[in-house]
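First comes the structure, then the notes that go with it.
The values are calculated or read from the model by the stated rules, or taken from the named source; none is laboratory data. Everything quoted here is computed from the prediction, not taken from an experiment. Neighbour counts are summed over all protein chains in view; Cβ atoms, including those assigned to glycine, are modelled from backbone coordinates with ideal geometry. All accessible areas refer to the heavy atoms of the entire protein, side chains included, with ligands and DNA or RNA removed. Shrake-Rupley method; radii C 1.70, N 1.55, O 1.52, S 1.80 Å.
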Amino acid sequence: QIASLPDDPGASRAEQGGPRLTLDIPLALPQGTGVAQLRIEQEAARRDGPDIRPLWRANFSIDLEPIGAVHASIALFGERAAVTLYAERDESAAQLREGLPVLEAGLKEANFEPGELLCRAGSPSAPKSAPGLFVDQAS
């Protein structure tokens, strides 16, 4: 998957926005082997105001019983971290929501400033496609 990245990081695709790495992480679980799909990407540096640090995002999904499918989106901007969790089962979302104070404490212990920490029921919305990606240019 690393080989599919552009040769010139400065010439990344318009829809990519910055460096991106996608990988599958195998996990040993009581029920057998599982896979966590992980995507790490860097968005372009922000040019408004004095702070021009880039924004890093990590997204992963995992489907484990008894909690079911869970999707996480982590945004890191300097020392500030924001986390949004999506649980496809309502009862799992409620359990994860109860654990948000533990997540906040863990971020502080790791010297991160906790930003917005959310847990929602359902699935995250699909990423937007680049403009013109689905345009029929043959006609």
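Looking at region 28-54 only, could you name the residues that are aliphatic (A, V, I, L, M) and at pLDDT below 85? Let's see the steps before the verdict.
First, pick out the residues of region 28-54 that are aliphatic (A, V, I, L, M): 28-29, 35-36, 38, 40, 44-45, 52.
Matches in region 28-54: LEU29, VAL35, ALA36, ALA44, ALA45, ILE52.
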Within the bounds of region 61-69, is there any residue that is in a loop (DSSP other than H, G, I, E, B), surrounded by 15 or more Cβ atoms within 10 Å (Cβ to Cβ) and either modelled with pLDDT of 85 or more or touching a strand residue (DSSP E or B) at 6+ places or on another chain (Cβ under 8 Å) (or both)? yes
So ARG80 clears everything in (1) open to solvent by less than 90 Å² (accessible area, probe 1.4 Å); (2) within 24 Å of GLU41 (Cα to Cα); (3) in contact with a Phe, Trp or Tyr (Cβ under 8 Å, 6 or more places away or on another chain) except one condition, right? Which one? (1)
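Just checking, does region 90-97 include any residue being surrounded by 15 or more Cβ atoms within 10 Å (Cβ to Cβ), of a type in the set (Gly, Ala, Ser), touching a residue at least 12 places away in the same chain (Cβ under 8 Å) and assigned to a strand (DSSP E or B)? Steps first, please.
Going through region 90-97, the residues surrounded by 15 or more Cβ atoms within 10 Å (Cβ to Cβ) turn out to be 92-93, 96-97.
Pick out the ones that are also of a type in the set (Gly, Ala, Ser) and you get 92-93.
Then drop every residue that is not touching a residue at least 12 places away in the same chain (Cβ under 8 Å), which leaves 92-93.
Keeping just the survivors that are assigned to a strand (DSSP E or B) gives none.
Checked against the condition, which is being surrounded by 15 or more Cβ atoms within 10 Å (Cβ to Cβ), of a type in the set (Gly, Ala, Ser), touching a residue at least 12 places away in the same chain (Cβ under 8 Å) and assigned to a strand (DSSP E or B), region 90-97 yields no hits at all.
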Within region 30-45, residues part of a strand (DSSP E or B) and surrounded by 11 or more Cβ atoms within 10 Å (Cβ to Cβ) come out as GLY34, VAL35, ALA36, GLN37, LEU38, ARG39, ILE40, GLU41, GLN42, GLU43
Which pairs do you get when a residue that is assigned to a helix (DSSP H, G or I), found in region 99-110, comes within reach of a residue that is of a type in the set (Asp, Glu), reach meaning Cβ atoms under 8 angstrom, with the pair 6+ apart or on two chains? LEU107/GLU113
